[in-house]
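The values are calculated or read from the model by the stated rules, or taken from the named source; none is laboratory data. What you see is a predicted model, and the numbers here were worked out from it, not measured in a lab. As a convention, Cβ positions derive from the backbone with ideal geometry for all residues, glycine included, and neighbour counts pool all protein chains shown. Side chains are part of the model used for accessible areas, which takes the heavy atoms of the whole protein and leaves out ligands, DNA and RNA. Shrake-Rupley method; radii C 1.70, N 1.55, O 1.52, S 1.80 Å.
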Amino acid sequence: MSKANVKLQLTFDLDIAAPERLLELDHEALCKTFSEMLGTMVVQGLPTIAGKQLAKAGASVVGHHCHLSATSLAARPLAREALVAAAPHLTDAELEQLARSAQGKLPEAPDELQRYLRRQALKLVNDYRMVPCTVAARLTSGSPAQLEGKLNLTNGSVLIGERDRQNRLQANQGAIAVEPLGTGVRLEGICAGHTLSGPVIEVSVAQLAAHRDPLIKAWQEA
């Protein structure tokens, strides 16, 4: 088989008048449905026809890849604020991807919509996105302490650094100051107990969303 030395890309945008039932599908299901409808006649047909035409000039198709994407033009627009509230750990490009992939029959109630978007966002990106931070808290001895750690933007948990993991924090001390380095942001965390990895400190997703832009910038520049 000949070795490819040219990459040819052909793009067609088809405007489709689809049945209402298709508009209720989310992005993934919509793409799968259209892929099944088009089938091998289209997916395999174009390379076959192109190969016959190219053969007239002595060229041949030695490989091909098909990318299919379908977006509902009638989908309800999603406000950026709603996307950020559900997924403050996503980049701008990923928020746009979330807006596309979450389309379909969206929940009407704000709380249900946020939970739905949160689930979709975690399917999209669920890895740790850590930002160095300091934690100001009171030890069981009553003394104030500043611990080093890393804030996970994906779920709001704080991983305490190895140096400070043996410290035990005073129970019921109220809000604990968590300050991601280089952001000028001050968050309030709670201590949910202790493990072998040190104090379990959690920051709410709502707080992450309120300061999403500087937090994401710090993560991208880390």
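The lysines within cross-link reach of LYS150, meaning a Cα-to-Cα straight distance under 30 Å and a gap of 8 or more places when in the same chain, are LYS123, LYS217.
Counting only heavy atoms of the protein chains and using a 1.4 Å probe, LEU8 has close to 120 Å² of accessible surface.
Listed by chain and number, the lysines whose C-alpha is less than 30 Å from the C-alpha of LYS7, apart from same-chain residues fewer than 8 away, are LYS32, LYS52, LYS56.
Per-residue accessible area (protein heavy atoms, 1.4 Å probe) orders ARG165, ARG212 as ARG165, ARG212, starting from the largest. Across ASP15, ASP127, ASP111, the residue with the most accessible area heads the list, and the full order at a 1.4 Å probe is ASP15, ASP111, ASP127. What residue among GLY45, GLY174, GLY149 has the largest mean-square fluctuation in a Gaussian network model of the chain, using Cα springs under 10 Å? Highest fluctuation among the options: GLY45. Ordered from longest to shortest, the equivalent ellipsoid semi-axes for segment 130-221 are 22, 13, 11 Å, each the square root of 5 times a Cα gyration tensor eigenvalue.
For segment 80-124, the solvent-accessible area with a 1.4 angstrom probe is 53 square angstrom per residue. Our helix-only sum for the chain, with -39,500 (n - 2.57) per DSSP H run of n ≥ 4 divided by its residues, gives a mean residue ellipticity at 222 nm of -10500 deg cm²/dmol. Using the Cβ-Cβ distance between ARG21 and ALA210 with R0 = 35 Å, the FRET efficiency computed as 1/(1 + (r/R0)^6) comes to roughly 0.35.
In a fully extended conformation the segment linking HIS64 and GLU112 would gain 13.1 nm over its present Cα-Cα distance, using 0.36 nm per residue. Using the beta-carbon distance between ASP13 and ARG186 and R0 = 30 Å, what value does 1/(1 + (r/R0)^6) give for FRET efficiency, to the nearest 0.05? Step by step, r from the Cβ atoms, then E = 0.05.
When +1 charges are put on Lys and Arg Cβ atoms and -1 charges on Asp and Glu Cβ atoms, the dipole computed for segment 80-148 relative to its Cα centre reaches about 180 debye. So I have (i) 87, 37, 31; (ii) 84, 46, 29; (iii) 46, 42, 34, and one of them is Cα extents along the principal axes in Å calculated from this model. Which one is it? Checking each listed value against the structure points to (ii). With R₀ set to 25 Å, the beta-carbon distance separating ASP127 from SER35 gives a calculated FRET efficiency near 0.35.
Computed 3J(HN,Hα) for segment 31-43, one whole-Hz value per residue from the Karplus formula 6.51 cos²θ - 1.76 cosθ + 1.60 where θ = phi - 60°, is 5, 4, 5, 5, 4, 5, 5, 6, x, 5, 4, 8, 4, glycine and proline marked x.
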